[in-house]
Each structure stands twice: as C-alpha cells, then as structure tokens.
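A quick write-up on the structure given underneath.
The values are calculated or read from the model by the stated rules, or taken from the named source; none is laboratory data. Keep in mind it's a predicted model, so treat the numbers as computed, not measured. As a convention, Cβ positions derive from the backbone with ideal geometry for all residues, glycine included, and neighbour counts pool all protein chains shown. Side chains included, ligands, DNA and RNA excluded: accessible areas come from the protein's heavy atoms. Shrake-Rupley method; radii C 1.70, N 1.55, O 1.52, S 1.80 Å.
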Amino acid sequence: MKPIHQTHSSLPLSPEPAVHASSHISNSFAGEWTSIGPNNQIIESRIGDYTYTMDDVTINYAEVGKFTSIASHVCINPVDHPMDRVTQHHMTYRRAAFGFAETNDEEIFNWRRGNRVTIGHDVWIGHGAIVMKGVHIGTGAVIGSGAIVTKDVAPYTVVVGVPAKPIKQRFPQEIIDALFKIAWWDWSRELLEERFHELNDITGFIKKYG
C-alpha cells in the first residue's frame, strides 16, 4: 500500500492511487487502482486495491478491503465525544487550539483509534450510510442507503434501516462458501484480466472455479 496524497484524480485509473485534490487525507494508505472522490476526509485508515469512494465521504480509523464501493456522503466510524466529562466540547481534548494547554489530550485520540471499523472485500455501502465505531462488515455485504450500522454484518448479507437489520443474503450459503474458497479478490492483475469476462456469470464462475 502507498501513502495517500492529494492529487488531481484522472481517468483512466492506474496502479497509483487517484485522489481528488479537494480531499483531506491524514496518515492513510491505499492500494492499487483505488480512487478517492471529491471532498473526502480520511484519517488513519487503510484502503484496499480497487476500492473507490464517491464525494463527501468520511473515513476515520478504518480498514477497508479490496473492490469495495463507497457511495456519496457515507460516514465510516464517526468519532465519539467524551460524554462522561463536565462538557462534551472538544476544547477539553483539542485544548492547545483553545489556549488551555500546550498539548492536546492524547487519551481521547487513542480511545478513538482503539475502536476501528473493519470492512471486507467487495462490500457496497449505499448513499448516506453511517457505520458506527467498532463494527465489522463482512465480505460481499451490502449496506443500504441511509442505514446506520451499529452491529457486525455477516458476509454477503444485505442490511437496511435505522438501526440496520439484515433482510436477505445475496446468495445461498453454498455459493457464499464457494466464493470464499475461490477468493477471487486475491487474484493477481494478470488473472483478473484473463478471467474478467467470466465475472458476470455467477453460476458458470462457481462451476468452473469452485
């Protein structure tokens, strides 16, 4: 993985991460063929190969797998405020900016870092969805638009609503098991190019490679 820097994203994509110049990136990394859209805010996160984000996406303290599709206005791991203090205002931990101390309160930032979100491969996160701290989303899952995900999501499961609840699996369990056995998301670029034309036929794909 490579550090993400603000650049002018352009098509076609390439092994070098494409990051829109309007996005703000801090201590984060991305794999090959990735694309970061306009006005993203990404903090201390890792993004797998071929994953893309649309506009106005926020990702904090997260591990995102390969081939994941993140729609506009998604928020992954919105940061918490300390509710057990006299005030929840960030002056108590971003205290240097307000002139209350020479250093910030690193305890709060370490607390946030300890509640990372993990997202598997080939996940689709719909418009405006929110994934709360500490949640794990399994490979192949679908998060419906506007959903608020407060609990782990099983692989290849579709969840919707507030709070998000499962409504179905994308495939029967035997197909899910076969896809994990194949693990196509770990194929090399050469294999993907060779077998690309087979990706639209789930039945033939499982029969041939499962």
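Restricting to region 32-57, name every residue that is open to solvent by less than 30 Å² (accessible area, probe 1.4 Å) and assigned to a loop (DSSP other than H, G, I, E, B).
Matches in region 32-57: THR34, GLY37, ASN40, SER45, GLY48, THR51, VAL57.
Can you tell which of THR87, THR103 is over 25 Å from ILE137 (Cα atoms), open to solvent by less than 50 Å² (accessible area, probe 1.4 Å), assigned to a loop (DSSP other than H, G, I, E, B) and out of contact with any Asp or Glu (no Cβ under 9 Å at 6 or more places or on another chain)?
Within the list THR87, THR103, the selection yields THR87.
Does any residue in region 161-184 that is farther than 14 Å from ALA141 by Cα come within less than 9 Å, Cβ to Cβ, of a residue that is open to solvent by less than 30 Å² (accessible area, probe 1.4 Å) and part of a strand (DSSP E or B) six or more places away or on a different chain, and which pairs are these?
Close Cβ pairs (under 9 Å, with a partner that is open to solvent by less than 30 Å² (accessible area, probe 1.4 Å) and part of a strand (DSSP E or B)) amount to PRO163/VAL149.
Out of (1) closer than 17 Å to ILE47 by Cβ; (2) part of a loop (DSSP other than H, G, I, E, B), the odd one out for ARG94 is which?
(1)
For region 106-117, name all the residues that are outside any loop (DSSP other than H, G, I, E, B) and closer than 15 Å to ASP80 by Cβ. Step through it out loud before you land on a result.
Looking only at region 106-117, we keep the residues that are outside any loop (DSSP other than H, G, I, E, B), and these are 106-113, 117.
Passing the criteria: GLU107, ILE108, PHE109, ASN110, TRP111, ARG112, ARG113, VAL117.
Residues that are open to solvent by 50 Å² or more (accessible area, probe 1.4 Å) and under 19 Å from the mean Cα position of the chain (by Cα): does region 167-183 have at least one?
Going through region 167-183, the residues open to solvent by 50 Å² or more (accessible area, probe 1.4 Å) turn out to be 167-170, 172-174, 177, 180-181.
Within this subset, residues satisfying the condition of being under 19 Å from the mean Cα position of the chain (by Cα) are none.
No - not one qualifying residue is present in region 167-183.
Does ASP177 fit the bill of being at pLDDT 95 or above and of a type in the set (Asp, Glu)?
Against the criterion (at pLDDT 95 or above and of a type in the set (Asp, Glu)), ASP177 qualifies.
Please go through region 127-152 and pick out each residue that is crowded, with 18+ Cβ neighbours inside 10 Å and not in a strand (DSSP E or B).
Within region 127-152, ALA129, MET132, LYS133, VAL135, GLY138, THR139, GLY140, ALA141, GLY144, ALA147 qualify.
Based on what the data block shows, is TYR52 within 23 Å of VAL160 (Cα to Cα) and among the aromatic types (Phe, Trp, Tyr)?
Details: within 23 Å of VAL160 (Cα to Cα): yes; among the aromatic types (Phe, Trp, Tyr): yes.
So TYR52 passes the test.
Kindly indicate whether PRO155 is assigned to a loop (DSSP other than H, G, I, E, B) and either at pLDDT below 95 or among the aromatic types (Phe, Trp, Tyr) (or both). Walk me through how you get there before you give the answer.
Details: assigned to a loop (DSSP other than H, G, I, E, B): yes; either at pLDDT below 95 or among the aromatic types (Phe, Trp, Tyr) (or both): no.
It is false that PRO155 is assigned to a loop (DSSP other than H, G, I, E, B) and either at pLDDT below 95 or among the aromatic types (Phe, Trp, Tyr) (or both).
When you scan region 58-67, how many residues do you find that are open to solvent by less than 30 Å² (accessible area, probe 1.4 Å) and in contact with a His (Cβ under 7 Å, 6 or more places away or on another chain)?
Selection size over region 58-67: 1.
Looking only at region 153-166, which residues are over 15 Å from VAL131 (Cα atoms) and open to solvent by 20 Å² or more (accessible area, probe 1.4 Å)?
The answer is PRO155, and nothing else.
Please find, within region 2-18, the residue that is surrounded by the most Cβ atoms within 10 Å (Cβ to Cβ) out of those that are more than 14 Å from ILE43 (Cα to Cα) and at pLDDT 65 or above. Before you say what the answer is, go through the steps one by one.
Step one: of region 2-18, the residues more than 14 Å from ILE43 (Cα to Cα) are 2, 7-18.
Checking the rest, the ones that are also at pLDDT 65 or above come to 12-18.
Numbers: PRO12: 6, LEU13: 15, SER14: 10, PRO15: 11, GLU16: 13, PRO17: 26, ALA18: 20.
Only one residue tops the list, namely PRO17.
Report whether or not ARG94 is in contact (Cβ under 8 Å) with a residue 40 or more places away in the chain, open to solvent by 40 Å² or more (accessible area, probe 1.4 Å) and under 27 Å from the mean Cα position of the chain (by Cα).
Working: in contact (Cβ under 8 Å) with a residue 40 or more places away in the chain: no; open to solvent by 40 Å² or more (accessible area, probe 1.4 Å): yes; under 27 Å from the mean Cα position of the chain (by Cα): yes.
Considered against the rule, which asks whether it is in contact (Cβ under 8 Å) with a residue 40 or more places away in the chain, open to solvent by 40 Å² or more (accessible area, probe 1.4 Å) and under 27 Å from the mean Cα position of the chain (by Cα), ARG94 comes out as no.
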